[in-house]
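Scroll down for the structure; my scribbles are underneath it.
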Amino acid sequence: MKKITSILFAAFLFLNFSLRSETILLKSGEKWEGKILAQDKDSVTIKLVDGNTKVFSKSVILKVSFGRATESAILKKESEIAEKEKKIKEEKELAEKQKQENEKFKVKEGKQKNREEQLSNAKRHYLEGALGFGSGESQSELRPFFQSIQYAGLLFSSGGQAELQFNPYKSKNQSGTTRLFYAWNRFTFEIRGMEAKGNFDVSGFQTLSYGGGDGSSTSSSDKTANVLLGSGETKFQKVSTRFGFTPYPHPVLDFQIVGGVERIWTKTIQEVDSVGGMTATGVNPNRVSYRETNNPLKGYSIGIGYEWKFLERFTLQGQILHLDMQGPSSFRSNEFRLDASPFRYNQYGLDYQWKSTGTEVNVKFSTKIKGDFSLFIEASNMTLNNKLKSGYITENEGGGNSDPSQILLKIYGPQILIPIFYDSKTILSYVQVGANYRFNF
């Protein structure tokens, strides 16, 4: 019986060893945990958890627990530790994320508060009136156009006249501008009217050709040159109605989209004396001409406007606009020739249509003087390039026209000759000083 018990105990130990038992329970009730290092028929050697090695006699051993149970407990403990660390890490990450979100929210809230303050400061509701005076230059007369027709007349016929004026196309002017400007938060409405007047002296020479106009080979032919003397005056009127919208209101720097309706009226009046000696055939070439050019244009403008306020009392405003306009023009000449007694009257004219495109740039600097009263200086420049669309020539209005050369000009002149000879511009520039007064609501 004792032999059988020993064999079973040895088999039990062998089985436990093969399964890597790690816990030994003694008959006294003590429990030792570790790793079994060796065994023989009388004892078992185990390495404890604290690193010490201990030898137990098989006679005192009650039970050996398999390693997998202890391993399961350790794994479970390690799993609990890992889960706890993971939970701590997640809590830290959540706290960090929440902290970042709070910071973002504070930044967003600060921006929103700042924007609300900007919108509050950018609110406006006022009506402003301005009046300014100054000087500049303008070009509105169509003398190059008329001159090209004169040259064309000499090309088509031996009878005709042509002239060359030395005075520049641009003339000095004195100008005045009135302006009403209504602002209501993002929206603005402006009515601007200006007038510029100028005087200039006419000088140059005129070539005249007589004879051959009727096609007769027996007709006499004579040419002469006269000196041109005289004076002229120009008048330039412009009315603008513009609307503005601010996409992003700001109390300091305001940008607007601007568009509106534009009207321009230009007028040039000349009194020209053509003076020269008697021709070889006894023709008196002296004559006096009264000429008037009118050119009304209408169209639209679109562009941007800006207003910059700085140092509390200064403001810089301006507009950059594209203009697209069109309209008719007319030239009329009433000529009194002195080659007959008492005189001979001749009237002729030109009528045509223009397409005009260009730019207008305004810059205005204002400074507050007291309360809502301020002074300003403003500079403006407008340049329109005029393109001829259609036109015709009239000669001896009311008295008929029998000159074949003028009939040919009427048909072919505007289509062929005028685009070659003529490049027209309408220009207005000025610098003005004045005063603003604002009515706040």
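The values are calculated or read from the model by the stated rules, or taken from the named source; none is laboratory data. None of these values were measured; they are calculated from a predicted model. All Cβ positions, glycine included, derive from the backbone under ideal geometry; neighbour counts span all protein chains shown. What goes into the accessible areas is simple: the full protein's heavy atoms, side chains included, and nothing from ligands, DNA or RNA. Shrake-Rupley method; radii C 1.70, N 1.55, O 1.52, S 1.80 Å.
These residues, PHE189, PHE441, go from largest to smallest accessible area, 1.4 Å probe, as PHE441, PHE189. Calculated FRET efficiency, ILE377 to PHE343, Cβ-Cβ distance, R0 = 41 Å: about 0.20 to the nearest 0.05.
Mind grabbing the base-10 log of I(q)/I(0) for segment 283-354 at q = 0.21 Å⁻¹? Debye formula, identical points on the C-alpha positions, no solvent, two decimal places. Calculated log10 I(q)/I(0) at the listed q: -0.92. How high is the FRET efficiency between LYS106 and GLU195 when r is their beta carbon distance and R₀ equals 51 Å, given to the nearest 0.05? E between LYS106 and GLU195, to the nearest 0.05, is 0.30.
Each label was represented as a point 7 Å from its Cα along the Cα-to-Cβ direction; for VAL363 and GLN98 these points are 5.8 nm apart.
Of LYS92/LYS113; LYS309/LYS370; LYS172/LYS425; LYS123/LYS298; LYS170/LYS387, which sit over 25 Å apart, Cα to Cα? Listed pairs above 25 Å: LYS92/LYS113; LYS123/LYS298. Leaving out same-chain residues fewer than 8 places away, which lysines sit with a Cα under 18 Å from that of LYS54? Result set, ordered by chain and number: LYS27, LYS31, LYS35, LYS41, LYS63.
The mean accessible area for residues of segment 291-346, using a 1.4 Å probe and ignoring ligands and nucleic acids, is 53 Å² per residue. With contacts taken as Cα pairs under 8 Å at a separation of at least 6 residues, segment 291-383 carries a relative contact order of 27 percent.
With each label modelled as a point 7 angstrom along the Cα→C-beta vector, the LEU131-GLU116 pair spans 4.5 nm.
Bridging of LYS368 to aspartates and glutamates at a Cα separation below 17 Å is possible for GLU128, GLU307, GLU312, GLU378, once same-chain residues fewer than 8 apart are set aside. The label point for VAL283 and the one for SER79, both projected 7 Å from the Cα toward the Cβ, are 12.5 nm apart.
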